[in-house]
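**Student:** Would you mind keeping the following structure in view while I ask a few things?
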Ligand SMILES: [Fe+2]
Ligand SMILES: [Fe+2]
């Protein structure tokens, strides 16, 4: 009987699964969770510790897996589902991460991109409706320095920042959310260990790192289904408003407002997830290292967010 891969990020919450779930070890499929069990608490942590991105189900169970996903998403978006906000946020976070992984792996696929784009709008609505969701997302540790999880965190920070800045246009918010989700596209394809402070990079590594925004957008420029705003965010998310960022050193008046927001949001999660700066230190570090690089109002809002 043949097995098909499923994304671990889609397995969240207390809903019992209607399929057996396998892990692959040395080319063998080992039963990890049985029909009737669920992916909450200790089981989810055990799975996260394994840093697995894919699990497997039997091909015959694909229909049951789809049903499980649909029900999970329905519950997560429904405030009246009776599920705690922590569970609902975990499901939405996981589903958003799965869509990001899909685009990172299959950028050529128009349907995959459009799915992620539609999901980006729902993600904006969810975050703006559920006040505790951002806090919950920020407590999910990025154990394997996963670029898609980083994308979800940056996206949630960017959406919240935009909302506090009064950015109301739903189209702009959708593109902001999607661009933030995919901003580090290049890191998915260029295996540079980015999860450490930049002063630990060798000169060669730093040179390569400084090209990641432009290399990412170049890799995607022939894909006509990508929105220009998304490509711009990918190309500009490491620029500073004083013109001293990279790769182009563009000043504020040459930068798209959405790129400026993602750049600020990205800085917070770089400190949190990749440089492992303690939360209590982050407001100080943001101000000390990045005053002048990002709008002061952004740094102030992000500091308030991380203080909780
Ligand atoms: Fe980046
Ligand atoms: Fe990033």
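**Student:** Please go through (1) in contact with a strand residue (DSSP E or B) (Cβ under 9 Å, 6 or more places away or on another chain); (2) not in a helix (DSSP H, G or I) for residue 260 and return the number of the only condition it doesn't satisfy.
**Tutor:** Condition not satisfied by residue 260: (2).
**Student:** Separate question: Just one of (1) free of Cβ contacts under 8 Å to residues at least 40 places away in the same chain; (2) surrounded by fewer than 18 Cβ atoms within 10 Å (Cβ to Cβ); (3) in contact with a helix residue (DSSP H, G or I) (Cβ under 9 Å, 6 or more places away or on another chain) trips up residue 84, so point out which.
**Tutor:** Going through the list (1) free of Cβ contacts under 8 Å to residues at least 40 places away in the same chain; (2) surrounded by fewer than 18 Cβ atoms within 10 Å (Cβ to Cβ); (3) in contact with a helix residue (DSSP H, G or I) (Cβ under 9 Å, 6 or more places away or on another chain), residue 84 breaks only (3).
**Student:** Kindly indicate which of 106, 64, 72 is in contact with a helix residue (DSSP H, G or I) (Cβ under 7 Å, 6 or more places away or on another chain) and over 26 Å from residue 227 (Cβ atoms).
**Tutor:** Within the list 106, 64, 72, the selection yields 72.
**Student:** Within the stretch 186-214, track down each residue that is buried (at least 18 other Cβ atoms within 10 Å of the Cβ) and at pLDDT 95 or above.
**Tutor:** Those that are buried (at least 18 other Cβ atoms within 10 Å of the Cβ) and at pLDDT 95 or above: 186, 187, 209, 212, 213.
**Student:** Within the stretch 1-64, considering only strands (runs of 3 or more DSSP E) that don't extend past its boundaries, which have at least 3 residues that are loosely packed, with under 14 Cβ neighbours inside 10 Å? So that I can check it myself, show each step before the final result.
**Tutor:** Values: elements: 3-7, 21-25, 28-33, 54-58.
Counting at least 3 such residues, we get 28-33.
**Student:** Residue 145 is checked against (1) at positive phi; (2) without any contact (Cβ under 8 Å) to a residue 60 or more places away in the chain and fails just one. What number does that condition carry?
**Tutor:** (2)
**Student:** So how many residues does the stretch 88-121 have that are buried (at least 16 other Cβ atoms within 10 Å of the Cβ) and either outside the structural domain of residue 219 (by TED's automatic domain parsing) or in a loop (DSSP other than H, G, I, E, B) (or both)?
**Tutor:** Residues in the stretch 88-121 being buried (at least 16 other Cβ atoms within 10 Å of the Cβ) and either outside the structural domain of residue 219 (by TED's automatic domain parsing) or in a loop (DSSP other than H, G, I, E, B) (or both): 1 in total.
**Student:** Out of the stretch 164-212, which residues are under 29 Å from residue 135 (Cα atoms), away from ligand 2 (no atom under 12 Å from the Cβ) and within 17 Å of the chain's Cα centre (by Cα)?
**Tutor:** 173, 174, 175, 176, 177, 178
**Student:** Next question, about the same structure. Out of everything in the stretch 232-253 that is within 16 Å of ligand 2 (Cβ to nearest atom) and touching a residue at least 40 places away in the same chain (Cβ under 8 Å), what residue ends up being surrounded by the fewest Cβ atoms within 10 Å (Cβ to Cβ)?
**Tutor:** First, pick out the residues of the stretch 232-253 that are within 16 Å of ligand 2 (Cβ to nearest atom): 232-240, 245-247.
Among the residues that remain, those that are also touching a residue at least 40 places away in the same chain (Cβ under 8 Å) are: 232-234, 237, 240, 245.
Values: 232: 18, 233: 29, 234: 28, 237: 29, 240: 20, 245: 21.
The qualifying residue surrounded by the fewest Cβ atoms within 10 Å (Cβ to Cβ) is 232.
**Student:** Next question, about the same structure. Only residues in the stretch 1-16 that are not assigned by TED's automatic domain parsing to the domain that holds residue 146 count as the first member; pair them with residues that are assigned to a loop (DSSP other than H, G, I, E, B) and crowded, with 21+ Cβ neighbours inside 10 Å, Cβ under 7 angstrom, at least 6 apart or cross-chain, and list the lot.
**Tutor:** 11/39; 12/39; 13/39
**Student:** Kindly check whether there is at least one residue in the stretch 145-163 that is at pLDDT below 95, within 16 Å of ligand 2 (Cβ to nearest atom) and either more than 10 Å from the chain's Cα centre (by Cα) or farther than 26 Å from residue 218 by Cα (or both).
**Tutor:** Checked against the condition, which is being at pLDDT below 95, within 16 Å of ligand 2 (Cβ to nearest atom) and either more than 10 Å from the chain's Cα centre (by Cα) or farther than 26 Å from residue 218 by Cα (or both), the stretch 145-163 yields at least one hit.
**Student:** Can you say whether residue 276 is surrounded by fewer than 20 Cβ atoms within 10 Å (Cβ to Cβ) and over 23 Å from residue 149 (Cβ atoms), as far as the supplied structure shows?
**Tutor:** Considered against the rule, which asks whether it is surrounded by fewer than 20 Cβ atoms within 10 Å (Cβ to Cβ) and over 23 Å from residue 149 (Cβ atoms), residue 276 comes out as no.
**Student:** Considering only residues that are more than 27 Å from the chain's Cα centre (by Cα) and closer than 19 Å to residue 44 by Cβ, which ones fall in the stretch 1-18?
**Tutor:** 18, the sole residue that qualifies.
The values are calculated or read from the model by the stated rules, or taken from the named source; none is laboratory data. In this text the structure is predicted, and so the values were computed from the model without any measurement. Ideal geometry is used to build each Cβ from the backbone, glycine not excepted, and the neighbour counts take in all protein chains shown.
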